[in-house]
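What follows is one structure encoded as structure tokens, with my remarks underneath.
The values are calculated or read from the model by the stated rules, or taken from the named source; none is laboratory data. Worth saying up front: this structure is predicted, and the values here are computed from it rather than measured. All Cβ positions, glycine included, derive from the backbone under ideal geometry; neighbour counts span all protein chains shown.
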Amino acid sequence: MMVSIPPMYDVFRKSSAVLLATLLLMISPSLLKAEDALDLTAYTSTFEENFDSLSVSAWGETKSRWIAHTPWNGDFGAASFSDPADGFPFTTAGGILRIEAKKDAQGVWRAGLLSAVNPRGEGFSQKFGYFEARMKLPPGKGVWPAFWLIGLDRSAFTAEIDVLEYYGRAPYEFSSGYHIWRESHGGTNQSDGYWTTVPEGSLSTEFHTWGVDIGPKRTTIYFDRKAVWGFDTPPEFHMPFFPLVNLALGAGWPIDETPDPSFLYVDYIHVYQRKDVYATE
């Protein structure tokens, strides 16, 4: 549930975040710990989507690589996720996927989502490993792009990793987090998260990478292949996960000032597995 943040708190948070971003830019790269940077030489590629073209259908009826909805039909946000049509909400050009959000002829907001698994559980998923997307985010209040993962087995709970969630009202930060949704099965939900501060507006002017390395003992979030946050891997994460990417709107925030249209640009989504396949699990 979204909790509204008082305006004065939001202003204070913005001022603090901008100051922190400025200080971080003054830190010499030589002071960064070597272990904080991701080294992919220890990994092998298992999934490579470079968006030279796009294989997508509404629900996987054409055995497409992607579907345009969550597999459980759980669309969310203030814009409806559209079935793929000619030129909307997905287009590819020059190896870049563009996901568009805009109002239709009736004034209803529509947008796009891609999931690598369909309602039958078919598609790509992987236990452990490194999942990464390279993207340029849309500017403007009300935009809500995300790169996230869902655990394949949802029979007893739903495991979720939010590698990136971005709220356009705050162009100086993004959030990462995880959830274990148990309430629908009579249990208690579990969540944690972290905010990463960036130079204001920088996520909408350049491409950046967001990734997560899931291991049997530790899970680490990366931004531009530098570790920004980590947590002990819950036992519920010892299963295959599949990637999703979307441009949603709202997240509990007004969309009356959201640019129409808005665009999320995705260069690639890649997945890797450690060459030792976590033999010590």
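Below are the figures for this structure:
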item	result
Output for the range 119-133, where each listed residue is surrounded by 21 or more Cβ atoms within 10 Å (Cβ to Cβ) and either in contact with a helix residue (DSSP H, G or I) (Cβ under 8 Å, 6 or more places away or on another chain) or over 28 Å from Phe223 (Cβ atoms) (or both)	Tyr130
Selected residue (criterion: farthest from Ser184 (Cα to Cα)) from residues of the range 72-94 that are touching a residue at least 40 places away in the same chain (Cβ under 8 Å) and either crowded, with 16+ Cβ neighbours inside 10 Å or in contact with a strand residue (DSSP E or B) (Cβ under 7 Å, 6 or more places away or on another chain) (or both)	Pro89
Criterion (free of Cβ contacts under 8 Å to residues at least 60 places away in the same chain and within 27 Å of Asp52 (Cα to Cα)) met by exactly one of Leu149, Leu114, Leu164, Leu97	Leu164
Selected residue (only one of Ala17, Ala37 is closer than 29 Å to Arg218 by Cα, modelled with pLDDT under 95 and surrounded by fewer than 16 Cβ atoms within 10 Å (Cβ to Cβ))	Ala37
All strands (runs of 3 or more DSSP E) inside the range 198-281 with 2 or more residues being surrounded by 19 or more Cβ atoms within 10 Å (Cβ to Cβ) and in contact (Cβ under 8 Å) with a residue 24 or more places away in the chain	208-214, 218-223, 240-249, 262-274
Output for the range 40-57, where each listed residue is under 27 Å from Thr158 (Cβ atoms) and either surrounded by fewer than 12 Cβ atoms within 10 Å (Cβ to Cβ) or under 20 Å from the mean Cα position of the chain (by Cα) (or both)	Thr46, Phe47, Glu48, Glu49, Leu54, Ser55, Val56
Test for Pro119: is it within 26 Å of Ser45 (Cβ to Cβ) and touching a Pro at 6+ places or on another chain (Cβ under 6 Å)	no
Residues of the range 152-173 classified as part of a strand (DSSP E or B) and touching a helix residue (DSSP H, G or I) at 6+ places or on another chain (Cβ under 7 Å), total	2
Complete set of residues in the range 37-74 that are closer than 21 Å to Tyr268 by Cβ, part of a loop (DSSP other than H, G, I, E, B) and touching a Pro at 6+ places or on another chain (Cβ under 6 Å)	Ala68
